[in-house]
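Heads up, the thing below is written out as structure tokens.
The values are calculated or read from the model by the stated rules, or taken from the named source; none is laboratory data. Just so you know, these numbers come straight off a predicted model, no measurement behind them. Please note: Cβ atoms are built from the backbone with ideal geometry, for glycine as well, and neighbour counts cover all protein chains shown. Surface accessibility is based on the protein's heavy atoms, side chains included, excluding ligands, DNA and RNA. Shrake-Rupley method; radii C 1.70, N 1.55, O 1.52, S 1.80 Å.
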Amino acid sequence: MADSNSWKAVFDYKNIHSHNFDNEPFILQAEDIKRACQNFTETSQKEVRILCKQDSRDDRPDIFVQNNLFILPKKNGSYYIVKGEGYVDIPDIDTPITDYVSKLDFDLVSSTVGDSEMQYLDFAYANSLIRTFMDDPSLVLTIRGRKFTPSFSFTVNGFNLNVESVQTEVDAGYEGRNSLVLVEAKNSRTENTIIRQLYYPYRQWYENTGKKVFPLFFEKRIIAGEQIYYIWQYEFTNPSDYNSIRLVKSGRYRIIRK
């Protein structure tokens, strides 16, 4: 959770309390956050990256919760503070677990070493679960790690925003003949996430390729001692509208080999 005392200091320093968020977002510079928090002693209380990392609703500081606010990057060193809904719920999947038969005819021994989101996602992809879920056998791994967005504009809660060269990161991106699949992976139960984690990469690759882009949310969970893979497919019904996110389908799978 972003430190509430630090964010109160930022609001006091920039007199953000008097800003009318119903009219427009507030644009905040990283340098102002540093100056407002320079007397704090803990790294978590003054590091801009940590203070602006509010990936779930519960990660927001008190002043954001009380005023129904969330934060979005504008460009390197610059942020929007926006009023309204910035997060999307990740509904639990309670449909029966589907037995998915791996397309491989051997065990992936190396996949048992470690416990990261990446290795479980790679395991699901190597067994062709991602291709099967998306009904696209042409998907191949082409995107991973950090990239910078092109400039683009969009609306969020009725406000028009402009973004320029914001760093994004996806856990994996798979390109097929006619589409791209971008995956945000987690290693435990997630109840909600900031839409930005799906929307900024979506717009980045939509702008760069012109192909249809499918955002996926992926989780590995342990149920009764078994690894179960949860997948949610989302879409943006309007590419220029941050809040047009919609759940398309979901499923949970047990990977088996016959």
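List of remarks:
- Cα shape, segment 64-136, gyration tensor, a/c 1.5 rule: prolate
- Once both labels are positioned 7 Å from their Cα atoms along Cα-to-Cβ, the gap between E24 and R49 label points is 3.1 nm.
- Residues within the reach of a label modelled at I97 (point 7 angstrom out along Cα to beta-carbon, backbone nitrogen below 11 Å), restricted to segment 228-258, are 228-230, 252-256.
- The label point for F106 and the one for S151, both projected 7 Å from the Cα toward the Cβ, are 5.1 nm apart.
- Förster radius 25 Å - calculated FRET efficiency between E164 and N68, Cβ distance, rounded to 0.05: 0.45
- Extreme residue, positive dipole direction of the chain, given options T193, V163, V65 (C-beta unit charges): V163
- For the chain, the 222 nm mean residue ellipticity estimated from helices alone, with every DSSP H stretch of n ≥ 4 adding -39500 (n - 2.57) and the total spread over all residues, rounds to -6000 deg cm²/dmol.
- Cα long-axis angle, helix 117-126 against the chain (0 to 90 degrees, to the nearest 10): 30
- Hits among lysines - C-alpha to C-alpha of K258 under 26 Å, sequence gap 8 or more where chains match: K103, K220
- Proximal lysines relative to K74, as straight alpha-carbon distance under 29 Å, when same-chain residues fewer than 8 apart are discounted: K8, K14, K34, K46, K53, K83, K147, K186, K211, K212
- Net charge, I245 excluded, C-beta distance under 11 Å - Lys, Arg +1, Asp, Glu -1: -2
- Cα gyration tensor, the chain - rounded (a/c under 1.5), prolate or oblate: prolate
- Potential lengthening between M118 and K258 on full extension [0.36 nm per residue; Cα-Cα distance subtracted]: 47.9 nm
- Of the solvent-accessible surface of the chain, computed with a 1.4 Å probe and all protein chains present, 44% belongs to carbon and sulfur.
- Between N238 and Y13, residue separation times 0.36 nm minus the direct Cα-Cα distance comes to 77.3 nm.
- Per residue value of the accessible surface for the chain (all protein chains in place, 1.4 Å probe), Å²: 49
- Taking all Cα pairs closer than 8 Å and separated by 6 or more residues, the relative contact order of the chain comes to 18 percent.
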